[in-house]
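A quick write-up on the structure given underneath.
Bear in mind these aren't lab numbers, they're just calculated from the coordinates by the rules spelled out. Here the structure is a predicted model, which is why all the values come from computation and not from measurement. Cβ atoms come from the backbone with ideal geometry, glycine included; neighbour counts cover every protein chain shown.
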Amino acid sequence: MTLHGRSFLKECDFTPAEWASFVDLAEQLKAERRSGTERQRLIGKSIALIFEKTSTRTRCAFELAAFQQGAHTTYLDPSSSQIGHKESVADTARVLGRMFDGIEFRGDHQSDIEKLSERAGVPVFNGLTDEWHPTQMLADALTIREHTNKPFSDVAHAYLGDARFNTGRSLLVSSAMLGMDVRIVAPKEFQPDSEAIAIANQFAAQTGARITITDDVEAGVRGADAVSTDIWVSMGEPKEVWQDRVAALRDYQVSQKTMELTGNSKAIFMHCLPSFHDLETQVGRSVYELTGMNALEATDEVFEGPNSVVFDQAENRMHTIKAVMVATL
């Protein structure tokens, strides 16, 4: 399958077979790493990492994956790059494309990464934008494969909470591309936009995926093999928004009761992190002061429970990002 030279901007730029091939390659590379037989395929390659947003997992995953494959990385944060300040995205792309073999971008706007890809002349990788989070979806898929021991077509994957933005949209589309029984469980005003739903339906027609979008928690999680969620609030939003958001999503918290409603004692709990499952963060304490809730999108009991695979999921960011770079570079 020819993926060499391709940018990695969003799930729907690939066919279902191409998308699944990234997961297959990640599984192979992870096995090589674990067995001590990893072969470096990116020796002599250089990759620019542009971060307009702070990051833990994405930055570490790109840097370590590149290092383990023999490549060099240069990290550019907002204070060490002129992109968007003194130099346009298009001009930056043409400069970096002449120096680097690939460019990663994590920022606010999908339009920026699309422009980078148009002008750079080298593969560009989406570390996260406002619309899509494709590297996370490959990590999720690999984690589901490892923990369910089922073909993707037999997996029921439920996502609870705010599904309007990158994680919810990407999860819907990626799961449809892999042929899953995907359920988006959210209040109507927090459900994915019509564009994301239409894209998912187009792929479902090819893969046999089953798509459910509902505000009924019990119906949405029944029979699920995997239950996913994401944060409800972020530090960049005013506290007035926090109160309204928490009030609207309170019933969509993943609790032990939610997991029991699946009727599947082996159902796994997934979260792309960070998670506000306790009071050990500034955001968690601030929301507690406003709402009295000591956990938001998931309870600590679920997060720390035996069915939680969130740290396997976090590790798999590295293996799947490595697969993306190896396949395209």
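In what order do ASP278, ASP140, ASP91, ASP244 fall by count of nearby beta-carbon atoms within 10 Å, going from fewest to most?
Ordered by Cβ neighbours within 10 Å, fewest first: ASP244, ASP91, ASP278, ASP140.
What 222 nm value per residue comes from the helices of the chain, counting each DSSP H run with n ≥ 4 as -39,500 (n - 2.57) and dividing by all residues, nearest 500 deg cm²/dmol?
After summing the helix terms and dividing by residue count, I get -14000 deg cm²/dmol.
Just tell me which aspartates and glutamates come within less than 17 Å, Cα to Cα, of LYS86; anything on the same chain fewer than 8 places away is out.
Leaving aside aspartates and glutamates fewer than 8 places away in the same chain, those within reach of LYS86 are GLU52, ASP77, ASP112.
Rounded, prolate or oblate: which one fits the stretch 182-329, using the alpha carbon gyration tensor with axes a ≥ b ≥ c (rounded when a/c is under 1.5, else prolate when a/b beats b/c, else oblate)?
The shape class here is rounded.
Treat each spin label as a single point 7 Å out from the Cα along the C-beta direction, and report the PHE311 to ASN149 distance in nm.
About 2.3 nm, to one decimal.
Going highest first, how would you order 8-15, 53-60, 157-164 by mean Cβ packing within 10 Å?
157-164, 8-15, 53-60
Quick one: helix 282-291 against the long Cα principal axis of the chain, what's the angle to the nearest 10°, folded into 0 to 90?
30
Using only Cα atoms, find the angle between the long axis of helix 16-35 and the longest principal axis of the chain, and express it within 0 to 90 degrees, rounded to the nearest 10.
80
Answer rounded, prolate or oblate for the stretch 1-141, using the Cα gyration tensor with square roots of eigenvalues a ≥ b ≥ c: rounded when a/c is under 1.5, else prolate when a/b is larger than b/c, else oblate.
Since a/c reaches 1.5 and a/b is larger than b/c, the shape of the stretch 1-141 is classed as prolate.
Can you pull the percent of Cα pairs in the chain with separation above 27 Å?
Here the tail beyond 27 Å accounts for 43 percent of pairs.
Using unit Cβ charges (K, R positive; D, E negative) and no other charged atoms, how large, in debye to the nearest 20, is the dipole of the stretch 101-198 about its Cα centre?
260
If you stretched the chain out fully between SER111 and LEU273, how much longer would it get, using 0.36 nm times the residue separation minus the C-alpha to C-alpha distance?
So the extension gain works out to 55.9 nm.
Kindly state, to the nearest 0.05, the FRET efficiency for LEU290 paired with GLU189, given R0 = 25 Å and r defined as their beta-carbon distance.
For R0 = 25 Å, the calculated efficiency reads 0.80.
For GLU218 and GLU304, what is the calculated FRET efficiency with R₀ set at 30 Å and r taken between the beta-carbons, to the nearest 0.05?
Calculated value: 0.80.
Given the peptides 200-206, 21-27, 174-180, arrange them by the average over their residues of other C-beta atoms within 10 Å, most packed first.
In decreasing order of mean packing, 200-206, 21-27, 174-180 become 174-180, 21-27, 200-206.
At ASP130 and GLN202, where each label point lies 7 Å from the Cα along Cα→Cβ, what is the point-to-point distance in nanometres?
2.2
To the nearest 10 degrees, how steep is helix 239-249 against the longest Cα principal axis of the chain, on a 0 to 90 scale?
Its long axis makes an angle of about 60 degrees.
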